[in-house]
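Notes follow once the structure below has been shown.
Rule-based calculations on the coordinates, nothing more; no lab input. None of these values were measured; they are calculated from a predicted model. Here the Cβ positions follow ideal geometry from the backbone for every residue, glycine too, while neighbour counts run over all protein chains shown.
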Amino acid sequence: MVFNTGAALLDAIVLAVVSREIEGTYGYKITQEVRQVIDLSESTLYPVLRRLQKDECLEVYDKECAGRNRRYYKLTERGRVQLNLYESEWRKYSGKITGMFEGGINHE
């Protein structure tokens, strides 16, 4: 993709992916789902997950899977609020950009 993905948009995408699973999800699965919309390496994802955890948007717990512990990430209430804000802002932003491409400005 020719457009850069800023930190806020990356946070929003990760929160959206994690929010789909009530019990949370693990890093590899998050990476695979995010890759459906943007290029992302695991080395890029884990600092995002740590930042979202530090900001209390995600909680982390370990769960055994095939004899090994797997780290799961789950949306917190604060994370849900942040995701709702990102979704609202994205609708406004993408509407304005679409309006520009279609020959005018979409005033909201």
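Here is how the numbers come out for the structure above:
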| quantity | calculated |
| --- | --- |
| Residue in the stretch 49-71 that is among the hydroxyl-bearing types (Ser, Thr, Tyr), in contact (Cβ under 8 Å) with a residue 24 or more places away in the chain and closer than 23 Å to THR5 by Cα present | no |
| Members of the stretch 49-106 found to be in contact with a Cys (Cβ under 9 Å, 6 or more places away or on another chain) and aliphatic (A, V, I, L, M), listed by number | LEU75, VAL81, LEU83 |
